[in-house]
Amino acid sequence: MSLNAKSLQAQRPFTAQRPRAVRGSVSVRAVAAPPKLVTKRSEEIFKEAQDLLPGGVNSPVRAFRSVGGGPIVFDRVKGAYCYDVDNNKYIDYVGSWGPAIVGHANDEVNAALKAQIDKGTSFGAPCELENVLAKMVIERVPSVEMVRFVSSGTEACLSVLRLMRAYTGREKVIKFTGCYHGHADSFLVKAGSGVITLGLPDSPGVPKSTAAATLTATYNNLDSVRELFAANKGEVAGLILEPVVGNSGFIVPTKEFLQGLREICTAEGAVLCFDEVMTGFRIAKGCAQEHFGITPDLTTMGKVIGGGLPVGAYGGKKEIMKMVAPAGPMYQAGTLSGNPMAMTAGIKTLEILGRPGAYEHLEKITKRLIDGIIAAAREAGHEITGGNISGMFGFFFCKGPVTCFEDALAADTAKFARFHRAMLEEGVYLAPSQFEAGFTSLAHTEADVDATIAAARRVFARI
């Protein structure tokens, strides 16, 4: 019985299911398929959307193309759960792609937002809330001495690209194959996220001259970075990376790799930027740079920092940030930058995350989740590798280890598609791509995690 049929309240233990059956050399339990997931209203809405929106969505990965079937159309969210327009309930491990770290529609965040609505939703002028959130970011993030708020992670990343070039007077930038830094032209060369999910080549519309200024290295491979610096001596403005990859699936760096990048960039006079749009305030109070003990020159942020509202930020050393207008000559502006709604949600979210036990909870439940999924897969004879850091996790259907995008390509994406659909039928909502990380929240409980693992066991036994 699926969650959509209220099975989370009364799930049969795995040991109580049908006797073992043998398929080849792997011992499995024969498990009855769950009731068919009814998504009639989702299908109707998505069909209409395809005549209104490109591909029927406003962000490509939402279309479910890599996992098959139509997308689930949401109606509402609360805590660790999402509900679709057909009134199916799911345990959610996407969390709006990361921002919902304190749980969807958190009562404290909502109360703060409701109070702010009465004062106004957009000023287009300075407000004290910008100072409050800025001080919270500067206090927590080791690299940030000054910060500029923008309206998205993409905007933050394209801004630091311009800033690195303005500060160094150089044009070329190094990124890593499979890392995604938003859809600015320079970053769509060998990118991750939906670009991988949809199997797209480097995006049409990017000028050859722009692509030529973007150099790509292999993640966790310092030699590939050294070779690029040697071949482009004195031309590299900076290097940007996800300090934990989430846009090629979940891929963890070695500390030696991050330390090596720090040393190389310092020696070459290039700017080191950590794209912490995904990892920021999620894997540690002071972001990935605190977790690994490596301080970049610049940092981009988003998602969690806005508590579920559209927001982004970039910050770093004052000597670099003072290049940004109006303090300096590098122009960047935005009508909704620092808007009071996003600032309010961000302040309250970071306040909640700062309370004792928050990150301990995220680590405890996420490790329980990923260890349980991996154990269930191996018990049923499936190859799998994965892991977590705090509230961020992921797994690949391959032997592993996966240390870079090239390794991730060995994953069985067809199996993931079957797993994803079956987990939906069990009432569990996972990212609709093998190449995206998953997220937990403070609202997730051990009961949610145990129900998810039980669902995974049933699914692994029948796929």
*Could you list, in sequence order, all residues of segment 427-448 that are of a type in the set (Asp, Glu) and out of contact with any strand residue (DSSP E or B) (no Cβ under 9 Å at 6 or more places or on another chain)?*
Glu446
_Answer from Ala443, Ala455 - the residue that is of a type in the set (A, V, I, L, M), open to solvent by 30 Å² or more (accessible area, probe 1.4 Å), modelled with pLDDT of 95 or more and in the same structural domain as Ala376 (by the TED database)_ = Ala443
*Has segment 332-343 got at least one residue that is without any contact (Cβ under 8 Å) to a residue 40 or more places away in the chain and either open to solvent by less than 40 Å² (accessible area, probe 1.4 Å) or touching a Lys or Arg at 6+ places or on another chain (Cβ under 6 Å) (or both)?*
no
*Scan segment 453-462 and give yes if some residue there is in contact (Cβ under 8 Å) with a residue 60 or more places away in the chain and within 18 Å of the chain's Cα centre (by Cα), otherwise no.*
no
_One residue is enough: does segment 322-339 have a residue meeting the conditions in a helix (DSSP H, G or I) and either under 21 Å from the mean Cα position of the chain (by Cα) or at pLDDT 95 or above (or both)?_
no
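Any chance segment 146-162 includes a residue that's of a type in the set (Lys, Arg) and closer than 20 Å to Val189 by Cβ? If you could, list the steps in order and put the result at the bottom.
Of all residues in segment 146-162, those of a type in the set (Lys, Arg) come to 148, 162.
From what is left, the residues that are closer than 20 Å to Val189 by Cβ are 162.
Yes, there is a match, as at least one residue in segment 146-162 is of a type in the set (Lys, Arg) and closer than 20 Å to Val189 by Cβ.
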*Name the pairs whose Cβ atoms lie under 7 Å apart, with the first residue in segment 66-94 and within 12 Å of Asp448 (Cα to Cα), the second surrounded by 18 or more Cβ atoms within 10 Å (Cβ to Cβ) and among the acidic types (Asp, Glu), and 6 or more positions between them or separate chains?*
Ala80/Asp92; Ala80/Asp448; Tyr81/Asp92; Ile91/Asp448
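Name the one entry in Gly387, Gly372, Gly400 that is surrounded by fewer than 20 Cβ atoms within 10 Å (Cβ to Cβ), farther than 28 Å from Val102 by Cα and not assigned by the TED database to the domain that holds Leu129. Let's see the steps before the verdict.
Working: Gly387 fails: farther than 28 Å from Val102 by Cα; Gly372 fails: farther than 28 Å from Val102 by Cα.
Among Gly387, Gly372, Gly400, only Gly400 is surrounded by fewer than 20 Cβ atoms within 10 Å (Cβ to Cβ), farther than 28 Å from Val102 by Cα and not assigned by the TED database to the domain that holds Leu129.
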*Has segment 125-135 got any residue that is touching a residue at least 60 places away in the same chain (Cβ under 8 Å), in a helix (DSSP H, G or I) and of a type in the set (S, T, N, Q)?*
no
*Looking at segment 269-287, is at least one residue surrounded by fewer than 19 Cβ atoms within 10 Å (Cβ to Cβ) and farther than 26 Å from Asn388 by Cβ?*
yes
_Condition first: in contact with a Ser or Thr (Cβ under 9 Å, 6 or more places away or on another chain), open to solvent by 20 Å² or more (accessible area, probe 1.4 Å), at pLDDT below 95 and under 24 Å from Gly308 (Cα atoms). Now tell me which residues in segment 38-88 satisfy that._
Pro60
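For (1) surrounded by 14 or more Cβ atoms within 10 Å (Cβ to Cβ); (2) in contact with a Lys or Arg (Cβ under 6 Å, 6 or more places away or on another chain), each residue gets a yes or a no:
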{"site": "Tyr90", "(1), (2)": "yes, no"}
{"site": "Gly95", "(1), (2)": "yes, no"}
{"site": "Val102", "(1), (2)": "yes, no"}
{"site": "Leu113", "(1), (2)": "yes, no"}
{"site": "Lys119", "(1), (2)": "no, no"}
{"site": "Ser122", "(1), (2)": "no, no"}
{"site": "Ala125", "(1), (2)": "no, no"}
{"site": "Leu133", "(1), (2)": "yes, no"}
{"site": "Met146", "(1), (2)": "yes, yes"}
*For segment 188-234, which fully contained helices (runs of 4 or more DSSP H) count at least 2 residues that are modelled with pLDDT of 95 or more?*
222-231
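Listed residues Leu353, Leu362, Leu261, Leu298; which is hydrophobic (A, V, I, L, M, F, W, C), open to solvent by less than 40 Å² (accessible area, probe 1.4 Å) and without any contact (Cβ under 8 Å) to a residue 60 or more places away in the chain? Even if it seems obvious, please write down each step before you answer.
Details: Leu353 fails: without any contact (Cβ under 8 Å) to a residue 60 or more places away in the chain; Leu362 fails: without any contact (Cβ under 8 Å) to a residue 60 or more places away in the chain; Leu298 fails: without any contact (Cβ under 8 Å) to a residue 60 or more places away in the chain.
That would be Leu261, the only listed residue that is hydrophobic (A, V, I, L, M, F, W, C), open to solvent by less than 40 Å² (accessible area, probe 1.4 Å) and without any contact (Cβ under 8 Å) to a residue 60 or more places away in the chain.
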*Sort out which residues of segment 235-252 are open to solvent by less than 10 Å² (accessible area, probe 1.4 Å) and part of a loop (DSSP other than H, G, I, E, B), and write them in order of number.*
Glu242, Pro243, Val244, Gly246, Ser248, Gly249
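The values are calculated or read from the model by the stated rules, or taken from the named source; none is laboratory data. No experiment lies behind these values; they were computed from the predicted model shown. Glycine also receives a Cβ, built like all others from the backbone with ideal geometry; neighbour counts cover every protein chain displayed. Note: areas computed on protein heavy atoms with side chains; ligands, DNA, RNA excluded. Shrake-Rupley method; radii C 1.70, N 1.55, O 1.52, S 1.80 Å.
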